[in-house]
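Trainee: This structure is in structure tokens; I'll ask about it shortly.
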Amino acid sequence: MMALIQELKEKVLSGGEISSGEALCLAVTEEPEIVDALLEAAHEITLHFCSQKPDLCSLINAKSYLCAEDCGFCSQSSHYQTGAARYPLMEPEEIVRVAKQCEKKGVQSFCIVTSGETLNAREFEQVLETFHRLNAETGLNLDGSLGNLTAGQICKLKEAGMRRFNHNLQCSRDFYPKIVSTHTYDKRMETLKFLEENKVEICSGGILGMGESREDRIKLAFELKAYDLHCLPINILNPRPGTPLCNQLPINPLEIIKTIAIYRFIHPKANIKLAGGRELNLGVYFQEKALRGGANGLVVGGYLTTAGNPLQEDINMLRRTGFLVGANQEQPCCKGSQTSVTSC
Ligand code: SF4
């Protein structure tokens, strides 16, 4: 196995790609010393292809709950009684006010997230106005996570200043029907295609620990290879009371960090970010191992319906693991209302 890890690492470093069969061979590894070698190799790939400056993002949950979809991991689905905060789309004024506060505190990237699979026409116009105002009144990198969009809507948002769009595939195509019944995998892929056609930076990943198999995790990574990913956020299920996955048993942390390392082999150039559920499922010890084993970024400042670490703790962790974090990123980060994941 050690020889295979070295061979595949050299292949990736020289611009080659690993196959799903090779990824699956890596995934069966369970001996700690071999997992460590896999992590080391993944880190070498990260250092070769990615910046040592982590790309930190913060988000605002601009519309919470009230969602007609039935994603089994999500406390914002109106199919479930979860107690999540519920409010309609925030007014532009309020979002701009929060964004300016964030900017003052050193935040560089600001993502507007809304619950629901799509925005209605009125909501879309309101979000568009918000992006125009943020573009005119702040120097922030502006990102969105607004569900499925048409090509025309993506074009308008780009013109209004949106740089990057988050749209997670969540899991493998095979596993998806076990988690969601109200919309299709193909619909989500269509939005990713529109993003690519309009040259909007793509942020897309998934959630580990929903009961999927190792094969499903590898299949998700290969589904994502269809796109030129800028970011690949990895959420780990934080079971929310009231959702169908509320009693899901946690996934072994070693399995998580191994998966992240293999994702680095499959996506050598993407920013692989630890996102929602990282604190609960990995603690500091395994987050640090992940940051030395293929991951190179964090979603900071809390998620949609759960709180995160204080930013300073995350900054310290990034520095301990060798990442370069600017002095202007040491201030506390903004937080919208707080799903355990980072997007729809
Ligand atoms: S993930 Fe998004 S689309 Fe799915 S239930 Fe939650 S808010 Fe709705």
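The values are calculated or read from the model by the stated rules, or taken from the named source; none is laboratory data. Please read these numbers as outputs of a predicted model, since none were measured by experiment. Every residue, glycine as well, gets a Cβ built from its backbone with ideal geometry; the counts of neighbours run over all protein chains shown.
Residues checked against (1) assigned to a strand (DSSP E or B); (2) at pLDDT 95 or above:
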site	(1), (2)
10	no, yes
23	no, yes
55	no, no
59	yes, no
101	no, no
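Trainee: Of the residues in the stretch 27-47, how many are more than 23 Å from the chain's Cα centre (by Cα) and closer than 13 Å to residue 260 by Cβ?
Mentor: So the answer is 1.
Trainee: In the stretch 25-35, which residue that is in a helix (DSSP H, G or I) and in contact with a helix residue (DSSP H, G or I) (Cβ under 8 Å, 6 or more places away or on another chain) is surrounded by the fewest Cβ atoms within 10 Å (Cβ to Cβ)?
Mentor: Here the residue is 32.
Trainee: Another question, if that's okay. Taking the stretch 131-164, which residues are among the acidic types (Asp, Glu) and either buried (at least 16 other Cβ atoms within 10 Å of the Cβ) or in contact with a Cys (Cβ under 8 Å, 6 or more places away or on another chain) (or both)?
Mentor: Within the stretch 131-164, 143 is the sole residue that qualifies.
Trainee: Residue by residue through the stretch 94-130, note down the ones that are crowded, with 22+ Cβ neighbours inside 10 Å, farther than 22 Å from residue 68 by Cα and touching a helix residue (DSSP H, G or I) at 6+ places or on another chain (Cβ under 9 Å).
Mentor: 95, 99, 107, 110, 130 - these are the residues of the stretch 94-130 that are crowded, with 22+ Cβ neighbours inside 10 Å, farther than 22 Å from residue 68 by Cα and touching a helix residue (DSSP H, G or I) at 6+ places or on another chain (Cβ under 9 Å).
Trainee: Residue 244: out of contact with any His (no Cβ under 8 Å at 6 or more places or on another chain), within 16 Å of the ligand (Cβ to nearest atom), farther than 25 Å from residue 12 by Cα and part of a loop (DSSP other than H, G, I, E, B), yes or no?
Mentor: Yes; evaluated as a whole, the condition is true for this residue.
Trainee: Out of the stretch 109-146, which residues are among the small types (Gly, Ala, Ser) and touching a strand residue (DSSP E or B) at 6+ places or on another chain (Cβ under 7 Å)?
Mentor: 109, 115, 116, 144, 145
Residues checked against (1) assigned to a loop (DSSP other than H, G, I, E, B); (2) closer than 26 Å to residue 6 by Cβ; (3) touching a Pro at 6+ places or on another chain (Cβ under 6 Å); (4) at pLDDT below 90:
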| residue | (1), (2), (3), (4) |
| --- | --- |
| 276 | yes, no, no, no |
| 286 | no, yes, yes, no |
| 293 | yes, yes, no, no |
| 319 | no, no, no, no |
| 322 | yes, yes, no, no |
| 325 | yes, no, no, yes |
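Trainee: If the requirement is being within 25 Å of residue 238 (Cβ to Cβ) and either more than 16 Å from the ligand (Cβ to nearest atom) or more than 21 Å from the chain's Cα centre (by Cα) (or both), which of these qualifies: 78, 115?
Mentor: 78
Trainee: Then there's this: Look at residue 106 and say whether it is away from the ligand (no atom under 16 Å from the Cβ) and at positive phi.
Mentor: Yes: the conditions hold for residue 106.
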